[in-house]
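Peer 1: Could you have a look at this structure, given as structure tokens, before my questions?
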């Protein structure tokens, strides 16, 4: 009996060590690709498992500060991702290039492709997919409830808008010629959430707009990101064609954080409310502003 007890005492630490090693081996090593994906992971309390993020993962700020940057979402390098020894890559639709994604899959790494629809339902679907994959359904349900409540409040506030502002979303400016968001873009979806009319609704996708087209669109307001593909936002009203628009008469320019505005993550209801208040200050009660 005594010898058995001694063997048992020796075996206990060994078993505990084995259990700890097994748990460590099963812990995910996640590479997150897409600003909204990273934001959702943090909101679900899964940041400890992240080992790499893409360059669009700007929120929270610590994401890029504490994890390896694997490059731009559409210009990933397979070697950089694989060097982090990930067990899971969670990527927004559109991540690439395809050859890099293929090489990562061929290396035996699981890739979870997250839907990228710019809508309330699309955001909820993103959260569900990620929460289910990481087996945190309760956290996922709580975040979804918060997001749906935010959109419900946004919808109620939008009913106060009787005269939608004609807004033009300018992604970038090259020599004064704007690249604008037409139908089917994230910009179009955000303007709709904010109760605005898209002044570029005659276009589809992201398209350059001529001076004549800009004057004909007659936007009442210009919406831009603080940092777009061409760098920091420029004042569009310094260009002649913009100066001829109704927006220039009152210098109506709304500039917001890029990921906050077009990321379509958990903060989207708040971003849409902020944009709504900026575009319709005379129609939205101050109590309804963020």
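A short reminder: the numbers here are calculations on the coordinates, not readings from a lab. Model, not experiment: these values are computed from the prediction. Because the Cβ atoms are built from the backbone with ideal geometry, glycine has one as well, and the counts that use them run over all protein chains shown.
Peer 1: Roughly how tilted is helix 137-158, in degrees to the nearest 10 and between 0 and 90, from the longest Cα axis of the chain?
Peer 2: 10 degrees
Peer 1: Just to confirm the number: angle between the C-alpha axis of helix 2-26 and the first principal axis of the chain, 0 to 90 degrees, nearest 10?
Peer 2: That helix lies at roughly 20 degrees to the long axis.
Peer 1: By count of other Cβ within 10 Å, fewest leading, how are 252, 113 ordered?
Peer 2: 113, 252
Peer 1: Can you tell me the convex hull volume per residue for the stretch 26-156, based on C-alpha atoms, in Å³ to the nearest whole number? Don't jump to the answer; show the numbers that get you there.
Peer 2: Values: hull volume 12.5 nm³, N = 131.
Taking the convex hull of the Cα positions in the stretch 26-156, it is 95 Å³ per residue.
Peer 1: I would also like to ask the following. Give me the one-decimal nm value for the distance between modelled label points at residue 155 and residue 79, 7 Å along each residue's Cα-to-Cβ direction.
Peer 2: If labels sit at residue 155 and residue 79, their model points lie 5.1 nm apart.
Peer 1: Would you mind ranking 30, 104, 111 by Cβ crowding within 10 Å, fewest neighbours first?
Peer 2: 111, 104, 30
Peer 1: Against the longest alpha carbon principal axis of the chain, how many degrees, from 0 to 90 and to the nearest 10, is the axis of helix 268-279 turned?
Peer 2: That works out to roughly 20 degrees.
Peer 1: Sticking with this structure for a sec: For residue 243 and residue 112, compute 0.36 nm times the residue count separating them, minus their Cα-Cα distance, and round to one decimal in nm.
Peer 2: Here the answer is 42.5 nm.
Peer 1: Taking the Cα-to-Cβ direction at residue 142 and at residue 216 and moving 7 Å from each Cα, how far apart do the two end points lie in nm?
Peer 2: Rounded to a tenth, the inter-label distance reads 5.3 nm.
Peer 1: Compute the projected area of the convex hull of the Cα atoms of the chain, averaged over all viewing directions, and report it in nm² to one decimal place.
Peer 2: Value for the chain: 19.5 nm².
Peer 1: Which value at 222 nm does the chain reach when only helices count, each DSSP H run of 4 or more adding -39,500 (n - 2.57), with the total divided by all residues and rounded to the nearest 500 deg cm²/dmol?
Peer 2: Using -39500 (n - 2.57) per qualifying helix, the result is -13000 deg cm²/dmol.
Peer 1: Something else now. Given contacts defined as C-alpha pairs under 8 Å and at least six residues apart, what's the relative contact order of the stretch 164-288, whole-number percent?
Peer 2: Once normalised by length, the contact order is 26 percent.
Peer 1: Taking each pair of different alpha-carbon atoms in the stretch 164-288 once, compute 1/r for the pair, average those values, and report the inverse of that mean as the Kirkwood hydrodynamic radius in Å to one decimal.
Peer 2: Kirkwood radius, the stretch 164-288: 14.2 Å.
Peer 1: Shifting gears a bit: For 135, 235, which order do you get if you count the other beta carbons within 10 Å of each Cβ and list the fewest first?
Peer 2: With the sparsest Cβ surroundings first, the list reads 135, 235.
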